[in-house]
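One structure is given below, represented as structure tokens, and several questions about it will come after.
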Amino acid sequence: MRHLPYLWTLLFLTLAVIFSIAIGSVFIPPADLGRILVGWLTGAKFPEPLKTFAFIIASIRLPRIALVLLTGAALGGSGAAYQGLFRNPLADPYLIGVASGAGLGAVLTMSVKWPYSFWGLMAVPAAAFVGALLTVFLVYALARLGKTVPTTNLILAGVAFSSFATALTSFLMLRSTGELRRAISWLLGGASQAGWGPVLTVLPYLAIGLGILLLSGHALNLLQFGDDQAQQLGLNVTRTRTLILLAASLATAAAVSFSGIIGFIGLIVPHVMRLWFGADYRRLLLLSIIGGAGVLLLADVIARSVMAPQELPVGIVTALAGAPFFLWVLRRAKNQGYW
Amino acid sequence: MSRKLTFAILTFVLLLAACGQVPKGGGPARTSTPVATSTEIPTLTPPSDTSIILTDDLGRMVTLASPAQRIISLAPSNTEILFAIGAGTQVVGRDETSDYPEEAKHLPTVGGWSGFSSESIVALHPDLVLAADTNPAELIASLENLGLTVYRLPNPLTLEELYLNLGTVGALTGHETDAAALVESLKVRVAAVDAKVATITERPTVYYELDATDPTKPYVAGHAGPTNFVDPLITRAGGANIGAQLQSEWPQISLEQLVADNPQFILLGDAAYGETPEKVAARTGWNVLTAVQTGQVYPIDYHLVSIPGPRLVDGLETLAKLLHPDLFK
């Protein structure tokens, strides 16, 4: 299994996609599923009930799968980048406060009644996105020491700002009358807006963010030796760190703006990939991106079906399932001497 | 040098991407495009003599070619209204929290307090989805993008606005006469209560409890608003809500404030969750309240005063009987 990382991860992703298409609150028999796929390829018209099933798959499940794929990819990739940047196994994409900033932005806008228009509906995701990025800039500015940005400072500033933002968010939630459930639901994570709109909105930012990260594999490998060693090996540490930080934060901000705060993907997926396939960041970043997408897809399937027709927030599923699974992988690795 | 160039290019591309997000035309309808060719885009029939055109709570103009025959209700208030005006047979789906009347419980559910499933809604082939204030605008937009007709009823602030809602649902379902008859009967009952309440000389002070998990800081009914119908009902039933001066619709009140206000009646809106007059009397510090000492602590079915449907009038009558038992034998 260690020798064909891309094959196995892509296989996992494909299986996850198939599960997501096939499973939902409306039961579509596998035979009908096959007929629909064949029908799409041959351009045939569908009789009922196939027409409804085809509509459900095309207009409801596929856009959602795309959004969840992108979110999982962003979280997995930026999680790997953060772990490489901070050389800390507990690092996740929310380390320097992206989650709390996004949450504050979202809850702040939820307390206002927006007009029913394109921009009115974009208010909450836009505010979450802006909140997340503003937090990163603020924390970065706070942590700068002359020309360098020590990682310790970043973490401390991030934790401090997170506490502040979380306190403000909690206060706003206490004061709200009707929006409390909506705020909690958003903070726990889950796809709130359907259709291709969110996918297309999020795609450019993810492409840029993840694109930069994929090119930073070598730099992250060098950073593992420590700042001084990396500098001596020819890497401009501060500039690289800033670039990777911004790219990872951009991807995370775009991911959380529509999907809320989904935890554990950015923490666990890179770890598992590292345990199974080694710590070479040139490979690890891509594997974490693919793996993150697959894991979040599976979590979303569970979230959609466990309480159908209601939906469990995805963040709950990732937390409940992710932690025990990670402990199991850790134990196996310990026994086999990878640690 | 090349690093600076990279930075510049990236910033430029970022700005381009941001600019690309500006929409080129109105409304939420542009945000989704079905992929497969076999999906059907509903055709817009031109308004005919039987068509119904109404503007909903979000300012959207909703058009129905004929009265809706397959309705999905996304809130318990809508379900109650639909069944009350005789349109129960036209309802094909409901949300989990719609449990009144009994017939409604047999309908399939499409979601509830933790979100709705667009798939389940679409699979029921509705011609109208009746939403309420509790359903967020994002859900309405998603359903609209899937080609469904959605109408969101506003939350009434007064009983008169409730009558308007009944009329609207009557128009949407082809039960205008039934809805009008229901409104008339409700008006008669309310007028009877108003007449008797007009004769009272003093208004007893009332404390309506929402949640007292922390007995030193219980949640009470505050001032009237879109989510608080209890306050106007108490006033109309001849009482004075002690929470009416507080800043929000469902605020917390400290025990000190409660003792200072010393209400004559305590209404337990959380009776359904196990609160009883005995438990209230046993709470530390609550035995100094007049209402506890004189036994004027009553459980009340919160459905009668919280769901903006015809049962609000039942709630009004119940409150009036509790507050002025001598007038309402």
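What follows is calculated from the coordinates using simple rules that are stated; it is not laboratory data. Every value quoted in this text rests on a predicted model; they were computed, and no experiment measured them. FYI the Cβ positions are ideal-geometry reconstructions off the backbone, even for glycines, and counts take in every protein chain you see.
If the elastic network links every pair of Cα atoms under 10 Å, which of A:278, A:43, A:97 fluctuates the most in the Gaussian network model of chain A?
A:43
Which order do A:188, A:210 fall in if you start with the one that has the fewest other Cβ atoms within 10 Å?
Fewest-to-most Cβ neighbours within 10 Å comes out as A:188, A:210.
Follow-up question, since we're still on this one. How large is the dipole of segment B:199-323 about the Cα centre if only Lys and Arg carry +1 and Asp and Glu carry -1, each at its Cβ, rounded to the nearest 20 debye?
Here segment B:199-323 has a charge dipole of around 180 debye.
Computed FRET efficiency, Cβ-Cβ of residue A:176 and residue A:7, R0 45 Å: what is it to the nearest 0.05?
For residue A:176 and residue A:7, the calculated efficiency is 0.40.
Continuing with the same structure: Quick one: if the Förster radius is 30 Å, what FRET efficiency do residue A:207 and residue A:236 give, using the C-beta to C-beta distance and rounding to 0.05?
Using R0 = 30 Å, I get an efficiency of 0.75.
When a footprinting reagent is the concern and you count Cβ atoms within 10 Å, what order do A:307, A:122 take, fewest first?
If I rank by nearby Cβ atoms, fewest first, I get A:307, A:122.
By the gyration tensor of its Cα atoms, with a ≥ b ≥ c the square roots of the eigenvalues, what is the shape of segment A:64-220: rounded for a/c under 1.5, prolate for a/b over b/c, or oblate?
Judged from the Cα gyration tensor, segment A:64-220 comes out oblate (a/c at least 1.5, b/c at or above a/b).
How high is the FRET efficiency between residue B:66 and residue A:38 when r is their beta carbon distance and R₀ equals 41 Å, given to the nearest 0.05?
Calculated transfer efficiency: 0.65.
Report the trypsin sites (Lys or Arg not before Pro) located in segment A:25-132 that are in a DSSP loop and have at most 15 other Cβ atoms inside 10 Å of their Cβ, or state none.
A:45, A:87, A:113
Tell me whether segment B:199-323 comes out rounded, prolate or oblate; compute the Cα gyration tensor, take square roots of the eigenvalues as a ≥ b ≥ c, and use a/c under 1.5 as the rounded threshold.
rounded
Please state the equivalent ellipsoid semi-axes for chain A: what are the square roots of 5 times the Cα gyration tensor eigenvalues, largest first, in whole Å?
They are 34, 27, 17 Å, listed largest first.
Distance between the C-alpha centers of segment A:97-152 and segment B:50-64? Whole Å please.
37
Let me ask something additional. Between residue B:272 and residue B:245, what length comes free when the chain is fully extended (0.36 nm per residue of separation minus the Cα-Cα distance, one decimal in nm)?
Additional length available on full extension: 7.1 nm.
If you don't mind, there's one more thing I want to ask. How large is the translational diffusion coefficient of the protein assembly as shown in µm² per second when you combine the Kirkwood radius over alpha carbon pairs with Stokes-Einstein at 37 °C and 0.692 mPa s?
The calculation lands on 118 µm²/s.
While we're looking at this one, here's another question. Write down, largest first, the equivalent ellipsoid semi-axes of segment B:48-184 in whole Å, where each equals the square root of 5 times an eigenvalue of the alpha-carbon gyration tensor.
20, 17, 15
Using Cα pairs closer than 8 Å and at least 6 residues apart in sequence, work out the relative contact order for segment B:48-184, in percent.
26
Any idea how far apart residue A:144 and residue B:257 come out in nm if each label point goes 7 Å out from Cα toward Cβ?
About 4.6 nm, to one decimal.
From the helices alone, meaning DSSP H stretches of at least four residues, give me the mean residue ellipticity at 222 nm for the protein assembly as shown, per-run term -39500 (n - 2.57), in deg cm²/dmol to the nearest 500.
Rounded to the nearest 500, it is -18000 deg cm²/dmol.
A further question on this structure: Taking 7 Å along the Cα-to-C-beta vector as the label spot, tell me the residue B:176-residue B:106 distance in nanometres, rounded to one decimal.
Between residue B:176 and residue B:106, the label points sit 3.1 nm apart.
In a shell of Cβ-Cβ distance under 11 Å around residue A:186, excluding residue A:186 itself, what net charge do Lys and Arg (+1) and Asp and Glu (-1) give?
After counting each charged neighbour, the total is 0.
I've got another one for you. With a 10 Å Cβ neighbour count serving as the proxy for reagent exposure, in which order, fewest first, do A:328, A:40, A:114 appear?
A:328, A:114, A:40
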